[in-house]
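What follows is one structure encoded as structure tokens, with my remarks underneath.
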Amino acid sequence: MSLLAYAAIFLAATVIAVPLCRRLGLGSVLGYLLAGIVLGPWGMRLIQDGENILHFAEFGVVMLLFVIGLELQPTRLRAMRKAVFGLGLTQVLVTTLIFGAIGWLCGLAPDAALVVGFALSLSSTPLVLQLLAERHELNTQHGRASFGVLLFQDIAVMPMLAVMPLLAHSRVAQSLQDTLLATGKAIAVLLLFVFGGRYLLRPVLRIVAETRSKEAFTAAALLVVIGVSLLFHAVDLSMALGAFVAGVLLAESEYRHELEADIDPFKGLLLGLFFVSVGMTANLGALLDHPLRIAGLVLALIGLKFALAWIIGRLSGHSSAESRGMAFSLAQAGEFGFVLFSLGVSEGLIDQSLADTLVIVVTISMIASPLLMMLLSAIEPRMQKTGVRDFDRIESDNSQVIVAGFGRFGQIIGRVLRMRRIRFTALESDVAQVDFVRRFGNKVYYGDASRRDVLAAAGAARAEVLVLAMDDIDLSVRTAEIVRKHFPHLKLLARARNRQHAIRLMDLGVRYVVRETYLSSLDMARHALEALGMPHAEAVESIERFDKHDQRALQLQRDARDDEQKLIQSAQQAARELEQLFEQDTMGDTQKQAGTQ
């Protein structure tokens, strides 16, 4: 079969299966996996060499790790060290020991039990990250904790791959020498890349960017990922780890967003192909021969990993809900298990029949993962209701203003209103914040402003103004939607966390939106100009001109929000126009001074 025929089959399966599963609420990942099962040897048998396609499609995982690295500035990575080397190390060690002990009790040799235990302790990085991204949970507490654990797992695979030859007793002496040499080369390449890559990659990208050729920059982005991956692979390190390190090194560069935009289409297609390949390589024959045995092993694997992840999360200080979210995310086994089981067979550590059984168990656990996340979505609201404090009963006192969110921002508004003896009702959805504010004598009600009944009880039907002062972007936007639909007479004033948040609020017709650090930044900039010797009037005029220009730029970016390339061009054009605007003023002032001399 030709390459074009393969491409047509994969694309057709994706176009059919993914939208269907998304429509049914099953998620795109399960759609890819089911498409692979249908296409593979246990379905329509359109494609037979799923193993070779899986090896090629694993490059989608490499690109995924590169994009993740781009999102992780070194400061954020340092902040995650507790999740990576604390939570991740604990999860791998405890889970490996538990599964290894079970394998040893079931008759496996100690070295084979260690390999099996470690392989089953791993989870699927691309699968979990894709599911969390679809559910908009990557930036939640359990999302960040899960990512930290996954990152450590990917790092931990490297030493295990190096140690496995040592476990084959007939080759100990030779393997030890080879392993030490390979480890030395790997460390040298890693250090060389970390310290030299910063001074090589950015200048190369700058040279390519100056050509203003979109195709050349896309080629450069792909070359960075492929070149770094091959370099790491040459010294027996993970290609995914190399791509991740490259992404982190470029995370603070001026080309971060453009690199991400260029890589993203390739990443999405190859990652989808990876999940299709996993579905194709599932050995359903083992499942048909021993259905009860396989089902029991899958349930035991998921149940034990879930319990261990939840316990470790709780012991590390996470809440019950956060630990539960992490446990549901990490309950499956991962694709690195396929590599470890294959190597274990080639080294004579485990039998082929055991490896076949474990591969189908791992595959089914991956297929079950989207269903587990659906189960989490179903039970989470009920779990949250249990033992949760009820909202306060609000005493309506005909307030003119409702302040939704009573943190630092909302409290300043409340103090000004109280100074002017203007009645207002303050709502706050964070229990800890409510109790803290009340200790200082402030009157605030515990309630969710995004609920219509809470707003009605707060007097929204009679109030004149509602101030959206909460931190949470989604909560802020949801509250604005409720107010626009059910209380359209209210004048909405809103705090925005950033430009994207401001644009979403503007789309809902909010009459006044202020970015939370914008006005204070302008005030500080005015003081900086005056500290440099600029007259007060001139400094004020400069700030006012900048403000007008920024408001126009914000409107242009709002119009281009659905086209990322136009959005980037709009931001770049706005920066150039602002520089030209002040350059013209400077030239005008110079000419005036020359004319008076």
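Let's see how each residue does on (1) of a type outside the set (Gly, Ala, Ser); (2) on the phi > 0 side of the Ramachandran plot; (3) at pLDDT below 85:
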residue: GLN500; (1), (2), (3): yes, no, yes
residue: ARG526; (1), (2), (3): yes, no, no
residue: ALA539; (1), (2), (3): no, no, no
residue: ILE568; (1), (2), (3): yes, no, yes
- prompt: Has segment 293-305 got at least one residue that is closer than 25 Å to GLY100 by Cβ, at pLDDT below 80, part of a helix (DSSP H, G or I) and out of contact with any Gly (no Cβ under 7 Å at 6 or more places or on another chain)?
  reply: no
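Look at LEU288 and say whether it is within 29 Å of HIS142 (Cβ to Cβ) and out of contact with any Lys or Arg (no Cβ under 6 Å at 6 or more places or on another chain).
no
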message: Can you list residue pairs whose Cβ atoms sit under 8 Å apart, with the first residue in segment 279-290 being within 24 Å of VAL29 (Cβ to Cβ) and the second being of a type outside the set (Phe, Trp, Tyr) and not in a helix (DSSP H, G or I)? Count only pairs 6 or more apart in sequence or on different chains.
response: GLY279/GLY40; MET280/GLY40; MET280/PRO41; MET280/ILE47; THR281/GLY40; ALA282/GLY40
- request: State the number of residues belonging to segment 33-50 that are modelled with pLDDT under 80 and within 15 Å of LEU270 (Cα to Cα).
  value: 2
query: Quick check: anything in segment 326-338 outside any helix (DSSP H, G or I), more than 21 Å from the chain's Cα centre (by Cα) and more than 19 Å from PHE306 (Cβ to Cβ)?
result: no
- line: By residue number, the members of segment 398-432 that are modelled with pLDDT under 80 and either of a type outside the set (S, T, N, Q) or touching a Phe, Trp or Tyr at 6+ places or on another chain (Cβ under 7 Å) (or both) are ASP430, VAL431, ALA432
message: Which numbered condition in (1) surrounded by 17 or more Cβ atoms within 10 Å (Cβ to Cβ); (2) of a type outside the set (A, V, I, L, M, F, W, C); (3) not in a helix (DSSP H, G or I) is the only one that GLY317 fails?
response: (1)
field: Positions within segment 113-172 being β-branched (Val, Ile, Thr), under 18 Å from VAL67 (Cα atoms) and either in contact with a Phe, Trp or Tyr (Cβ under 7 Å, 6 or more places away or on another chain) or at pLDDT 85 or above (or both), in sequence order
entry: VAL128, VAL149
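Using the structure shown, decide if LEU93 is modelled with pLDDT of 90 or more, over 21 Å from PHE232 (Cβ atoms) and out of contact with any strand residue (DSSP E or B) (no Cβ under 7 Å at 6 or more places or on another chain).
Spelling it out, LEU93 is indeed modelled with pLDDT of 90 or more, over 21 Å from PHE232 (Cβ atoms) and out of contact with any strand residue (DSSP E or B) (no Cβ under 7 Å at 6 or more places or on another chain).
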task: Tell me, yes or no, whether segment 226-238 has at least one residue that is among the aromatic types (Phe, Trp, Tyr) and either in contact with a strand residue (DSSP E or B) (Cβ under 8 Å, 6 or more places away or on another chain) or assigned to a helix (DSSP H, G or I) (or both).
output: yes
task: Out of LEU493, LEU519, LEU529, LEU505, report the one residue that is surrounded by 11 or more Cβ atoms within 10 Å (Cβ to Cβ), farther than 20 Å from PHE424 by Cα and out of contact with any helix residue (DSSP H, G or I) (no Cβ under 7 Å at 6 or more places or on another chain).
output: LEU519
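The values are calculated or read from the model by the stated rules, or taken from the named source; none is laboratory data. Note that the coordinates shown come from a computational prediction; the quantities given were computed from them, not determined experimentally. Using ideal geometry, Cβ is built from the backbone for each residue, glycine included, and neighbour counts are taken over all protein chains shown.
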